[in-house]
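Nothing in this text is a laboratory measurement; each read-out follows from the coordinates by a stated rule. None of these values were measured; they are calculated from a predicted model. Note that we place each Cβ from the backbone using ideal geometry, even for glycine, and neighbour counts take in every protein chain shown.
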Amino acid sequence: MKNSDPCLSVVVPCYNEEATIVQILNRLLRQIEVGQVIIVDDNSIDSSRLLIESVNDSRIMYLKNQENRGKGASVSRGLSMCIFPYILIQDADLEYSPEEIPRLLAPLIDGRADAVFGSRFLTYEARRALYYWHRVGNSFLTILSNMFSNLDLTDMETGYKAMKLSFAQNLNIQEKRFGIEPEITAKLSKMNARVYEVPISYQGRTYEEGKKITWKDGFRAIYAILKYNTMSKHVGINKL
């Protein structure tokens with residue numbers, strides 16, 4: 001596979017992201033590795049759909065949920081439509097930079113990894129300083145996840161995860177909201193996936209700017225860590 005060949009399907013869950021959706025799509029489509037962009041609109045009530053349809057590119061596939069189902073459900077639906085050998089989950093906001101896609105893909109393409117997490121805490125570039133207690137919560141959840149999964153991660157909760165299609169389509173995601181991060185991590189561990197981390201920049205946003213995760217999601221993450229790490233090896237995972 002040449003470095004210039006499209007090899008990546010990108011799943012973009014979207015809910016009321018009219019302020020950023022066009023920019024994130026244009027930045028994704030400029031990446032030569034991107035062969036497919038699957039947008040799953042979680043029944044947005046703003047102008048997201050009209051803006052998405054204004055971006056004319058054959059690589060875009062638009063899906064709309066008939067009711068608001070949550071990020072996890074949207075990601076699961078998008079994964080079922082992926083056709084390229086590697087997949088990336090890309091939030092529709094601007095917190096994660098598509099220009100760093102080559103960094104996440106490198107360990108996959110060269111055969112070292114089955115999954116790659118972009119770590120906000122190994123970052124070598126600018127990182128917006130926001131919400132100290134979110135950082136504390138992320139650290140706690142990552143440590144708890146590591147204890148059960150035996151993966152030595154610095155940022156389990158990162159929303160920037162890439163992996164081989166064969167692993168992604170066997171995750172059988174059950175979580176509807178942000179519990180997908182510990183669920184994905186636990187299931188990759190159970191599949192004996194080779195998981196790598198790479199440093200990424202992070203442009204976090206405030207709640208006023210549209211951030212959606214809440215303290216309730218933190219408690220759900222604890223539940224998800226316990227549930228998916230303690231279930232028997234193949235329960236909740238499509239067999240490879």
(Q) Would any residue of the range 45-72 have its amide N under 18 Å from a label point 7 Å out along Cα→Cβ of Gln174? List them or say none. (A) 70-72
Q | Length-normalised contact order for the chain - Cα pairs under 8 Å, 6+ apart - percent | A | 22
Q. Based on DSSP H runs of at least 4 residues, each adding -39500 (n - 2.57), what is the mean residue ellipticity at 222 nm of the chain after dividing by all its residues, to the nearest 500 deg cm²/dmol?
A. -10000 deg cm²/dmol
(Q) Positive end of the dipole of the chain, charges at C-beta (+1 Lys, Arg; -1 Asp, Glu), about the Cα centre: which of Leu79, Ser58, Asn238 has its Cα farthest in that direction? (A) Asn238
Q: Report, in order of residue number, the helices in the chain meeting two criteria: a C-alpha extent of 24 Å or more along the helix axis, and a mean Kyte-Doolittle hydropathy of at least -1.0; treat each whole DSSP H run as one helix.
A: 132-149
Q.
Under a Cβ-only charge scheme (Lys and Arg +1, Asp and Glu -1), can you give me the dipole magnitude of the range 8-230 about the Cα centre, in debye to the nearest 20?
A. 500
**Q.** the chain: most fluctuating residue of Ser189, Ser97, Ser47 per GNM, C-alpha cutoff 10 Å
**A.** Ser47
(Q) Using Cα springs under 10 Å in a Gaussian network model of the chain, which residue among Ser119, Ser166, Ser76 shows the largest mean-square fluctuation? (A) Ser166
Q | Extent along principal axes [Cα atoms of the chain; Å; largest to smallest] | A | 46, 43, 38
